[in-house]
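Chemist: Quick one: this structure, given as structure tokens, is what I'll be asking you about.
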Amino acid sequence: MVLNVGVVGCGGQGLAHLERFLRDERVKIVAVCDVDEARAKEAAKRFNAKYYTSYEGFLKHPNLDVVSIATPNYMHASQAVAALNAGKHVLCEKPMALTVEDCNRMIEASEKFGRILAVGFQLRFKDAFQKTRNLIHELDGSLNAYVLRFSPNPYDLNLEWRRRKSLMGGLILSMNCHEVDMMRWLLGEVEYVKADLKTMLYKDIIDYEDNAWLILGFRGGLTATLGSSMTAHTSIYEYTFICKKGTIRLYPWENKISIFQENLSRTIIAENDDPLQKEISCFIDSVEEGKLKQPLASGIDGRTATAVIEVARKSFKEGGLSVKPK
């Protein structure tokens, strides 16, 4: 049976979703939605679908099975709940929602109506991260981990929603929910968080942090440190895992993994893949089989990432004290 898909949000990420759905013969793109009529109309023409500027009208499109949400962050929760209540399966871009309370509403709607709810943590599908996960086990587990994600400003701050924490969630939610989810996927559950957040360069433009340091404590005594910046003059993205039997350095954008052991070092080049395509394929698999398939991120995974960020903010307000996620 071919699944009828609709995508809400026809900006960059929405178009990326549409392109990947188009490549899968198990689905048909039937509807697109955007408040910008010109953008919606252009996407509809490109993907041979009907366009809507009203989300309510979009959800009433005949025989719509799946809704993919790629709108601004503050819209995720209300749109996902409405779609689930209308009996649609939902793939929601990250972050899942701005608050744990909104994440809970999404999960409750998914459970009430028996529909798949998945969250777009696509890095789980990237070959470099999957190989790293296996290597951590081969080297008898990680003792400590360090993550750096520095970049020049990645956001279009001409858009008002990108400048407001109440609409975007701030740097550590909008961008670093990826790293929080990845560390959970690689290392296990987070037991406490400490944070230091600073606004150093964009104080007159944004009302959230542009630099952040998070310390995450995991079960078993493992500690991970995450450094994040949107004020760097270059892009740096790397993970280091100090394991019992060696050290792993991962450079995700270069698909490069270096392994260091006593008297031995080696480098692995991972597949230059398309994790979003893999994620969407796994999501379709999940809808067809009626259950969420690994490693697709669930609503619980999305909620947990948001919860870690919430307590990071609480830690910062309390002077960097250790706070446990709820």
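The values are calculated or read from the model by the stated rules, or taken from the named source; none is laboratory data. The structure displayed is predicted, hence computed values, not measured ones. Reconstructed Cβ throughout: ideal geometry from the backbone, glycine too, with neighbour counts over all protein chains shown.
Chemist: If you scan the range 256-277, which residues turn out to be surrounded by 14 or more Cβ atoms within 10 Å (Cβ to Cβ) and either closer than 22 Å to Ser110 by Cβ or aliphatic (A, V, I, L, M) (or both)?
Modeler: Listed by number, the residues that qualify are Ile257, Ile259, Ile268, Ala270, Leu276.
Chemist: Looking at the range 146-237, what helices (runs of 4 or more DSSP H) fall wholly within it and have at least 3 residues that are modelled with pLDDT of 95 or more and charged (D, E, K, R)?
Modeler: 177-187
Chemist: Between a residue in the range 83-102 that is touching a residue at least 60 places away in the same chain (Cβ under 8 Å) and under 14 Å from Arg303 (Cβ atoms) and any residue that is in a strand (DSSP E or B) and of a type in the set (Gly, Ala, Ser), which pairs come within a Cβ distance under 6 Å, given they are 6 or more apart or on different chains?
Modeler: So the pair list comes out as Lys94/Gly120.
Chemist: Residues Val35, Val66: which one is among the hydrophobic types (A, V, I, L, M, F, W, C) and more than 14 Å from Val5 (Cβ to Cβ)?
Modeler: Within the list Val35, Val66, the selection yields Val35.
Chemist: Only residues that are of a type in the set (Gly, Ala, Ser), out of contact with any strand residue (DSSP E or B) (no Cβ under 6 Å at 6 or more places or on another chain) and surrounded by 15 or more Cβ atoms within 10 Å (Cβ to Cβ): list them for the range 46-82, please. Before the answer, list the steps.
Modeler: Restricting attention to the range 46-82, the residues satisfying the condition of being of a type in the set (Gly, Ala, Ser) are 49, 54, 57, 68, 70, 77-78, 80, 82.
Keeping just the survivors that are out of contact with any strand residue (DSSP E or B) (no Cβ under 6 Å at 6 or more places or on another chain) gives 54, 57, 77-78, 82.
Selection gives Ala77, Ser78, Ala82.
Chemist: Can you name the residue in the range 99-135 that is assigned to a strand (DSSP E or B) and hydrophobic (A, V, I, L, M, F, W, C) and, of all such residues, is nearest to the chain's Cα centre (by Cα)? If you could, list the steps in order and put the result at the bottom.
Modeler: Restricting attention to the range 99-135, the residues satisfying the condition of being assigned to a strand (DSSP E or B) are 117-120.
Applying the additional criterion that residues be hydrophobic (A, V, I, L, M, F, W, C) yields 117-119.
Numbers: Leu117: 14, Ala118: 10, Val119: 7 Å.
So the residue we want is Val119.
Chemist: Turning to a different aspect of this structure: Out of the range 200-227, which residues are aromatic (Phe, Trp, Tyr) and either without any contact (Cβ under 8 Å) to a residue 24 or more places away in the chain or touching a Gly at 6+ places or on another chain (Cβ under 7 Å) (or both)?
Modeler: Residues satisfying the conditions are Tyr208, Trp213, Phe218.
Chemist: Same structure, new question: Is there a residue being at negative phi and either β-branched (Val, Ile, Thr) or within 23 Å of the chain's Cα centre (by Cα) (or both) anywhere in the range 35-48?
Modeler: Yes, there is a match, as at least one residue in the range 35-48 is at negative phi and either β-branched (Val, Ile, Thr) or within 23 Å of the chain's Cα centre (by Cα) (or both).
Chemist: Moving on. Would it be correct to say that Ala49 is in contact (Cβ under 8 Å) with a residue 12 or more places away in the chain and either of a type in the set (D, E, K, R) or not assigned by TED's automatic domain parsing to the domain that holds Ser166 (or both)? It would help to see each step written out before you state the result.
Modeler: Values: in contact (Cβ under 8 Å) with a residue 12 or more places away in the chain: yes; either of a type in the set (D, E, K, R) or not assigned by TED's automatic domain parsing to the domain that holds Ser166 (or both): yes.
Yes, satisfied.
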